[in-house]
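Nothing in this text is a laboratory measurement; each read-out follows from the coordinates by a stated rule. Since the structure is predicted, the reported quantities are computational estimates derived from the model, not experimental observations. Glycine gets a Cβ as well: all are built from the backbone with ideal geometry, and neighbour counts include every protein chain shown.
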Amino acid sequence: QLQLVESGGGLVQPGGSLRLSCVSLRLTLDPYAVEWFRQTPGKEREGVSCISSGGGDTKYTDSVKGRFNISRDENTVYLQMDSLRPEDTGVYYCAADDILFGRSCPPASQFHDWGQGTQVTVSA
């Protein structure tokens with residue numbers, strides 16, 4: 001079982017940037033696909049971006065394409081968020097599992113290991 005910790009959230013003005021990190025405390029993340037999800041008030045949990053084992057395949061939900069970038073090294077997966085908008089506000093979670101990506105990011109139900117979340121608030 002992976003133990004994941006998210007960090008990097010905070011309060012930022014519209015148009016600003018944040019860089020989120022998802023760190024594995026027990027095992028290397030190298031064998032695992034990782035996906036960032038966000039939970040916005042009153043809405044269902046949404047998949048934001050996913051990255052394959054090794055980092056060769058990345059996907060993004062339409063609303064963040066061109067603004068967010070996902071990347072990884074051995075023990076950390078990053079989500080660089082630029083041009084932030086108020087609708088990006090939410091609690092961001094990372095999840096990992098040894099699964100393969102198809103044409104879209106895996107649903108949340110396919111992940112077994114989750115972090116505790118980090119709050120992102122985009123507001124003036």
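At 7 Å along Cα-to-Cβ for each site, give me the label-to-label distance between Ala108 and Glu46 in nm.
Here the answer is 1.3 nm between the modelled labels.
Please turn the phi angles of region 27-37 into ³J(HN,Hα) values with the Karplus equation 6.51 cos²θ - 1.76 cosθ + 1.60 (θ = phi - 60°), one per residue in order, whole Hz, x for glycine and proline.
Per-residue couplings from phi come out as 10, 5, 7, 3, x, 10, 6, 10, 10, 8, 10 Hz.
Between Gly102, Gly16, Gly54, find the one with the highest GNM mean-square fluctuation for the chain; connect C-alpha pairs within less than 10 Å.
Gly102
Quick one: which residues, 5+ away or cross-chain, put their amide H under 5 Å from the amide H of Leu27? H built at 1.01 Å from N.
Here Gln3 satisfy the definition.
Search the structure for amide H atoms under 5 Å from the amide H of Arg85, placed 1.01 Å from N in the peptide plane, and list their residues when 5 or more places away or on another chain.
Sorted by chain and number, the residues that satisfy this are Gly15.
Output the relative contact order of region 72-124, whole-number percent, from Cα pairs under 8 angstrom with separation of 6+ residues. Please report the intermediate quantities before stating the final value.
Working: 47 pairs, mean separation 25.2, N = 53.
Normalised by residue count, the contact order of region 72-124 is 48 percent.
Taking only C-alpha pairs under 8 Å that are 6+ residues apart, what is the relative contact order of the chain in percent? Walk me through the numbers on the way to the answer.
Working: 311 pairs, mean separation 45.4, N = 124.
Relative CO of the chain lands at 37 percent.
Residue-wise, which Karplus ³J(HN,Hα) couplings in Hz belong to region 65-74, taking 6.51 cos²θ - 1.76 cosθ + 1.60, θ = phi - 60°, and x for glycine or proline?
With coefficients 6.51, -1.76 and 1.60, one gets 4, x, 10, 10, 9, 9, 8, 7, 10, 4 Hz.
Expressed in whole Å with the largest first, what are the equivalent ellipsoid semi-axes of the chain derived from the C-alpha gyration tensor as the square root of 5 times each eigenvalue?
On the way: eigenvalues 98, 43, 36 Å².
Ellipsoid semi-axes (Å, largest first): 22, 15, 13.
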